[in-house]
Structures are given as C-alpha cells and as structure tokens.
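*Asks:* Starting off with a structure, shown below.
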Amino acid sequence: MKKKELQELQGIASQVRRDIVRMVNNAGNGHPGGALGCADLLTLLYFKVMERKEKFEMNGENEDLFFLSNGHISAVWYSVLARSGYFDVEELKTHRKIDSRLQGHPTPYEELEGVRMASGSLGQGLSVAIGAALTKKLNKENKVVYVLMGDGEQQEGQIWEAAMFAAHHKVDNLIAFIDHNKQQIDGSTDEVMSVESLKDKYESFGWNVFECDGNNMEKLYSTIILAKKEVGNQKPLMILMKTEMGYGVDYMMGTHKWHGVAPNDEETKKALEQLEETLGDF
Amino acid sequence: MKYSFSEKKDTRSGFGDGLLEVAKKNDRVVGLCADLTGSLKMGDFKKAFPDRFFQVGIAEANMIGIAAGMTIGGMIPYTGTFANFSTGRVYDQIRQSIAYSKKNVKICASHAGLTLGEDGATHQILEDIGLMKMLPHMTVINTCDYNQTKAATIAIADLEGPVYLRFGRPKVPVFTPDNDSFEVGKAVQLCEGSDVTIIATGHLVWEALLAEEILSNKGLSVDVINIHTIKPLDEKAIIDSVRETKCVVTAEEHQIFGGLGESVAGVLARSFPAPIEMVGVKDCFGESGEPDELMVKYGLTKNEIVDAAMKVIARKA
C-alpha cells in the first residue's frame, strides 16, 4: 500500500475513533474499549479490502460480506457504515436512544443498511458467516465472507461447533478475525477463563491461522492480503489480531475498565484531543 | 365414524417425502441435519441433492446459525433434528439469528411429545409449542398425519419468514386427503356440530375424531376443528364455532401451559368468553414407555376428550 493511501486510511480510522467516543458519550453508556481497538480493521475492510456494492442489499450477492459477532462493539461498525455511505452520519447521534435504528447491539430488525444479522448474544456470528459462505459456494460466487469475533467470546461453546464444521466442510471462502485484546468484562481473559493458545486451538481444528498486530494498519493489511491468497485452498482462514482495548485514547488502553463504560464530558474532551478530526464530526 | 384410514404412517416420513418434493421444485431449498438423517427421513433428499444437504454433526446451535446465514444469498434452509434439540437447546440462537433477524429458516422438528416413547423425558419435549409461539414473527405448525405433514413441508417454502414445523415419531392413521392443499393459518373443520367444539392439533386430531364418534353415539353434536397452525391462529374459525356451541375442549400432545389450549383460551377470553377444558400434559415430565401406553397414562386419548366434553357441556349456563 502506498504511503499516501495508508495515511488516508489512518485518517479515516481517527475519525471513526472520534465517532465512537462521541457516540458513546452522547448515549451516556456503551462499549468504547473494544470498538476503539477494532477501528483499524473495520476501516481497512470497508475502505480498502472488501468488494462491496455501494447500495446495501440484504441478499449480498456478488459482493464480499462482513458479520460482526461481538455485537457490543457496534459503535465502530455504525461509524464505519455511515462513513462508507450506507446511511447519513448524522444518524450516529441516535445510537442507543429510543426510536433509533442504531440499537445497542446491531440488528437488521430496524432495517439499518449494512447490517444483515443481529448479534449481541455471543458466539453465533461464526456459524452465521459459515452459512453465508456456503450459500456463496452454492451460488458459484468467488466472493469472501469476513467475520469478527471477540477473544472472550471464544469461551462460548458454539464457536467450537462452528470451528469444527468449517474445517470439516472446507469452508475456504471465509476469513475470520479474533480481536485478541485479552480483556473481558470481569478482567483479563487469562484471569477469567484462559482461551490460550488460540493459534494452537484453531490450527488443531484444521484452520490456517495468521497472526498480526491489529492496530498496525500496514501490517494488518498485508496479513489480510496473505490470507486472501489462501482463499479456495480447502481450509478456513483465521487472523488473530493482537489489539489494544481502547486503542487511540491513552487512558483507556491497557485496562478492561472501558469495556462497557462511557467517558463523561471531561474524559471525552481529553480523548478527542488525541484523535484528529479528518472527515468532520457528526 | 365420519373419517377412516387405510394405513398408518409416521408424520416424519411426510416431512422427508415433502422435503424431497419441494426440493425438486425449488432449487433454493437446502437441508441441514444434526446427525439424525435417518430419524428425520432426510435420506432421500440427501441422496437426490448431495450438494444441498449439510451434515452438521451433533451441534444444533451451529446448525441454527448456519441456517440463518444461508438465507443471505437466497437459500431456504430446512433444519432437521428432534423437537427437543430444535427448540429448547437452541432457543437463543433461534431468537437472535432467526426470529429477531427475520430470516427465512424452516425449523423442522420430529419426535415431539410423549410419543417419542422409550427414550424418555429427556427427549420428550412438551414445551416447544410454547417456546416457539412466544417468538415474534415465528409461524408455528403442528401437523396431524403423513399427508398433512408432507403438504405443510411443501407449503412453507413459499412462506417468507421463520417457521417451526412440529411432527412426530410413531405411525399414526392417515386420514386427511392425499395432495390436499395446505393453507398456513387456516383451520380445517372436520365435523360440524352444535353442542361442543373440540379443537385439536397434531396426533390428538385423530383422538378428537374418535371422541366425536363416542359423543355422537350419546346423541351429542360435535364441531371438530383441526388446528395445524397454532400461530398465527385462525381466530375466526374458533370464534365462529364457539358462538354456535358455547363451549370448547382443546387437545394437544403438549403441556397445557403455553400450548394450543392457552392460545384458544386467550382468543375466547378477548372475544367470546365460554367454558373451556384443556386436554394436555399437566405440568409434569414424561417417562419411558410405548407411545400408546404413555398417551393413556398421561391422559391424552379420546376418553379424556370425551370426559372434558361432558364436563364443559355441563358448565354451559
């Protein structure tokens, strides 16, 4: 990727982070930590990687698809969807408020463009993505299905049912990501319920696993490109992203404290000072 | 006896044959099964359409999620496993990934109720109708014989939206017409009468017809309604009948809590209050035994329907 393009994408990610902080502050509650940590991935997917139609179609035929399994980081997805042009950025103001299409956890129930499946109750997105990938095969499409999961989410049993299925049935048009920030609500994943080693676990299930820094856009992009080259090679693909919860806001990093807590006005001001406004706030 | 049958067949075979037939007509139909292909009679479908059949293994939660995902891009997934594993085990997956996400999945459930038999209470779900009917947008169907199950299996492919299709294990009388049309949400009037209405679903429909014969011999005139669609419920058919008879008996192979009886009672309480008696399982679990023995022990036969009818007629003012 050219330096100029990289800088542009980093600029978008900075705006997305501003959106996240301001949306959560505006709502008075929400999940900023994980959302900030995944801003680089979602920016890259929607602005660089995914082959997608400009106008949203629920059926998603002949385009790449993205599913968010860890639905609580909805703020980052809403921001990226709005900034990608699926709906007006002004609608970000409504997140988590009454009569909004931007529910606390994402859903197609309110017919928000960009969202094809509800998530929030954890552990279901990998199965859903596998289903969508199977349909792409039946429809003879060569497009890719992407899904993002949390690392704490790996404690859900359904994930491993899905992991087993994807390898057994050679679902090789699927690239899954794990937001490996090692934090969950009650503390670090190591304390609460160790999920390690995720790499060994998925490899032993028959997946092709890549690892990278999920907050280094250049490295993340090159890893996605490596993984994309393996599409069609009989194995499901996994990118384990080492991320920092709260990335981009110094006082939110290195702690699980900001998993599900909104910054107050003063904290928000402090956060926004660290994030450049590149596309204009909503 | 107003109805007769020439043979007994299992409703699950109606599902298997219906699936094969609908798949021939509609190339969007796919089948998923959680290690019960034989029990669900999905073998012929699997053989005819190997590329459209997905063996999920003993992983029902994953099966529901995959089915939901497969609708994106236009497939019409039919999932197959026992009723217990089709509902209670995967309730949250159905709720979030299918119902709340408005996905066009057909959840097809065999071995519902006591007539699962010898495997016992772990597998004899008697709460599934209640679980499914509470979910917004979920259509709930419980068929009574082979022909009706086959017709329903075919019909639901054309109904956009989630469906729970419930059927059973044992061979039961085939008394509805072959190739009869199946209209989702439309009650089927089997007998017309003026003294009492009997509203039954699933395996209890045949028992309701046997009860009608007994009551008829006592000089009573009985309305018998086959409710194959519990949600959306044909409220008009129920109210029209009870307006005439002024009392009603419901019969189902399900807990009385959350079942057809409660739905009927709700309709009547809102629109036309009338005495009601419910034949169903009364807040207990089942046990191992032969299907017929269990239906007798738990009070799900023509005799209980007759008793309930006499009781409810006596309650009429």
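The values are calculated or read from the model by the stated rules, or taken from the named source; none is laboratory data. Here the structure is a predicted model, which means the values were calculated and not measured. Because the Cβ atoms are built from the backbone with ideal geometry, glycine has one as well, and the counts that use them run over all protein chains shown.
*Asks:* Restricting to the range B:110-150, and then to whatever is touching a Ser or Thr at 6+ places or on another chain (Cβ under 9 Å) and small (G, A, S), can you tell me which residue is nearest to the other protein chains (Cβ to nearest Cβ)?
*Replies:* B:S110
*Asks:* From the set of residues in the range B:100-109 that are crowded, with 24+ Cβ neighbours inside 10 Å and at the interface with another protein chain (Cβ under 9 Å from one of its Cβ atoms), which is nearest to B:V30 (Cα to Cα)?
*Replies:* Restricting to residues being crowded, with 24+ Cβ neighbours inside 10 Å and at the interface with another protein chain (Cβ under 9 Å from one of its Cβ atoms), the top hit is B:K103.
*Asks:* Give the range A:250-282 a look and list any residue that's small (G, A, S) and out of contact with any helix residue (DSSP H, G or I) (no Cβ under 6 Å at 6 or more places or on another chain), or say none.
*Replies:* Of everything in the range A:250-282, those that are small (G, A, S) and out of contact with any helix residue (DSSP H, G or I) (no Cβ under 6 Å at 6 or more places or on another chain) turn out to be A:G254, A:G260, A:G280.
*Asks:* If a residue must be within 8 Å of chain B (Cβ to nearest Cβ) and free of Cβ contacts under 8 Å to residues at least 24 places away in the same chain, how many such residues does the range A:133-154 contain?
*Replies:* Qualifying residue count for the region: 2.
*Asks:* Here's a follow-up. Name the residue that is farthest from A:G120 (Cα to Cα), counting only residues in the range A:3-52 that are within 19 Å of the chain's Cα centre (by Cα) and not in a helix (DSSP H, G or I).
*Replies:* Among residues in the range A:3-52 that are within 19 Å of the chain's Cα centre (by Cα) and not in a helix (DSSP H, G or I), the one farthest from A:G120 (Cα to Cα) is A:E51.
*Asks:* If you scan the range A:115-132, which residues turn out to be more than 14 Å from B:I94 (Cα to Cα) and facing chain B (nearest Cβ under 7 Å)?
*Replies:* Those that are more than 14 Å from B:I94 (Cα to Cα) and facing chain B (nearest Cβ under 7 Å): A:R116, A:A129, A:I130, A:G131, A:A132.
*Asks:* Determine the pairs where a residue that is at the interface with another protein chain (Cβ under 7 Å from one of its Cβ atoms), located within the range B:67-81, has a partner that is among the aromatic types (F, W, Y) with Cβ atoms under 8 Å apart, the partner being 6 or more residues away or on another chain.
*Replies:* That search, which allows pairs on different chains as well, returns B:G69/A:F67.
*Asks:* Here's a follow-up. Just name the residue that is farthest from the other protein chains (Cβ to nearest Cβ) out of those in the range A:92-112 that are surrounded by fewer than 17 Cβ atoms within 10 Å (Cβ to Cβ) and of a type outside the set (S, T, Y).
*Replies:* So, considering only residues that are surrounded by fewer than 17 Cβ atoms within 10 Å (Cβ to Cβ) and of a type outside the set (S, T, Y), the one farthest from the other protein chains (Cβ to nearest Cβ) is A:K93.
*Asks:* Assuming B:S288 fulfils every condition listed in (1) under 21 Å from the mean Cα position of the chain (by Cα); (2) touching a residue at least 12 places away in the same chain (Cβ under 8 Å); (3) more than 17 Å from B:M310 (Cα to Cα) apart from one, which condition is it?
*Replies:* B:S288 satisfies all of (1) under 21 Å from the mean Cα position of the chain (by Cα); (2) touching a residue at least 12 places away in the same chain (Cβ under 8 Å); (3) more than 17 Å from B:M310 (Cα to Cα) except (1).
*Asks:* Also: Could you tell me whether any residue of the range B:145-162 is within 15 Å of the chain's Cα centre (by Cα), of a type in the set (S, T, Y) and closer than 12 Å to B:N226 by Cβ?
*Replies:* Checked against the condition, which is being within 15 Å of the chain's Cα centre (by Cα), of a type in the set (S, T, Y) and closer than 12 Å to B:N226 by Cβ, the range B:145-162 yields no hits at all.
*Asks:* Please determine whether any residue of the range A:122-140 is surrounded by fewer than 24 Cβ atoms within 10 Å (Cβ to Cβ), among the aliphatic types (A, V, I, L, M) and closer than 19 Å to B:A61 by Cβ.
*Replies:* Yes - at least one qualifying residue is present in the range A:122-140.
Yes/no matrix, rows are residues, columns are (1) assigned by TED's automatic domain parsing to the domain that holds B:G259; (2) surrounded by fewer than 24 Cβ atoms within 10 Å (Cβ to Cβ); (3) closer than 21 Å to B:V264 by Cα:
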position	(1), (2), (3)
B:E118	no, yes, no
B:P136	no, yes, yes
B:V140	no, no, yes
B:T149	no, no, no
B:I156	no, no, no
B:L165	no, no, yes
B:G168	no, no, no
B:S181	no, yes, no
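*Asks:* Here's another thing I want to ask about it. Would you pick out the residues in the range A:53-81 that are part of a loop (DSSP other than H, G, I, E, B) and within 14 Å of chain B (Cβ to nearest Cβ)?
*Replies:* A:K53, A:F56, A:E57, A:M58, A:N59, A:G60, A:E61, A:N62, A:E63, A:D64, A:S69, A:N70
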